[in-house]
Amino acid sequence: MNIQKGNTAVVIIDPQNDVLSEKGANWGAVGASVTENRTVENLERIFKAAKAKGYEVFISPHYFYPTDITWKMNGLLEADEFETGTFARSGALNLTGFLNSGADWLERFKPYIEDGKTIVASPHKVFGPQTNDLVLQLRKRGISGIILGGMLANMCVESHLRDFVEQGFEVAVVSDAVAGPRHPVWGDGYKAAMINYRFLAHAVVSTDEVVDAMN
């Protein structure tokens, strides 16, 4: 994959407290993977490189509003998210209680996300970008290549990857800028994602490789 800022953008999925902060609702499931991969540090390196080298940055956030609780069918993860209040906001047009909540950005990422240049898409509601405007935002800017990172590796990141490939984008997934949950019965989500990324993505690369390639 040829990474060049004219048509390549950085897309970060769910850079939010509930999945990246030690105080987040999901730290018990994802904390070991986040720590081992240095996911937070590597995401920050990608943010810094993108801003320094003029790459556009897109965020695909995950939010739930009180009205979403009335959904009549949910998978296991969705049910757990509602039960734990993961990514919960007080309303689509209401930011009461949002600051420093589980749905808010990790504090160290805020200078990059809130610089007035980063494109924050509308929220995806389950796993993939089919329910938000991310693909539209990318297309409107002539983006055809994506550097992809964020959370969770085997759920939202993989779902975004699959849809991007179906939409005709070239995608490089950054293997140490993601992390996954571990479950005593279901297994290691990060390991599962790494297998699928290699079958699906145009490139699976490290943060070092991406930062070196961005020029």
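The values are calculated or read from the model by the stated rules, or taken from the named source; none is laboratory data. Please read these numbers as outputs of a predicted model, since none were measured by experiment. With ideal geometry, Cβ positions are generated from the backbone for all residues, glycine too; neighbour counts draw on all protein chains shown.
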Practice problem: Go through the range 167-185 and give me each residue that's among the charged types (D, E, K, R) and under 22 Å from Leu77 (Cβ atoms). | Solution: Arg182
Exercise. Would you mind stating whether Val126 is modelled with pLDDT under 95 and not in a helix (DSSP H, G or I)?
Key: yes
Quiz item: For the range 36-71, what are the residues that are more than 30 Å from Glu209 (Cβ to Cβ) and either in a helix (DSSP H, G or I) or in contact (Cβ under 8 Å) with a residue 24 or more places away in the chain (or both)?
Solution: Tyr63, Phe64, Tyr65, Pro66, Thr67, Asp68, Ile69, Thr70
Self-check item: Cβ pairs under 7 Å, 6+ apart, first in the range 72-85 and within 16 Å of Cys156 (Cα to Cα), second modelled with pLDDT of 80 or more and surrounded by 15 or more Cβ atoms within 10 Å (Cβ to Cβ)
Solution: Leu77/Met155; Glu78/Val126; Glu81/Phe64; Glu81/Phe87
Practice problem: State all residues of the range 1-28 that are surrounded by 18 or more Cβ atoms within 10 Å (Cβ to Cβ), more than 16 Å from the chain's Cα centre (by Cα) and not polar (S, T, N, Q); if no residue qualifies, say none. | Solution: Ile3, Ala25
Quiz item: helices (runs of 4 or more DSSP H) wholly in the range 136-215 with at least 2 residues that are buried (at least 20 other Cβ atoms within 10 Å of the Cβ) and touching a Phe, Trp or Tyr at 6+ places or on another chain (Cβ under 9 Å) - which ones?
Solution: 158-166
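Being aromatic (Phe, Trp, Tyr) and more than 29 Å from Ser144 (Cβ to Cβ) is the filter here; which residues of the range 1-59 pass it?
Just the residues of the range 1-59 that are aromatic (Phe, Trp, Tyr), to begin with: 27, 47, 55, 58.
If the condition is that a residue be aromatic (Phe, Trp, Tyr) and more than 29 Å from Ser144 (Cβ to Cβ), then Trp27 is the only one that fits.
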Self-check item: Options Glu81, Glu36, Glu56: the member that is surrounded by 15 or more Cβ atoms within 10 Å (Cβ to Cβ), at pLDDT 95 or above and acidic (Asp, Glu)
Solution: Glu56
Exercise. Of the conditions (1) in a helix (DSSP H, G or I); (2) under 19 Å from Thr67 (Cα atoms), Ser101 clears all except one; give me its number.
Key: (1)
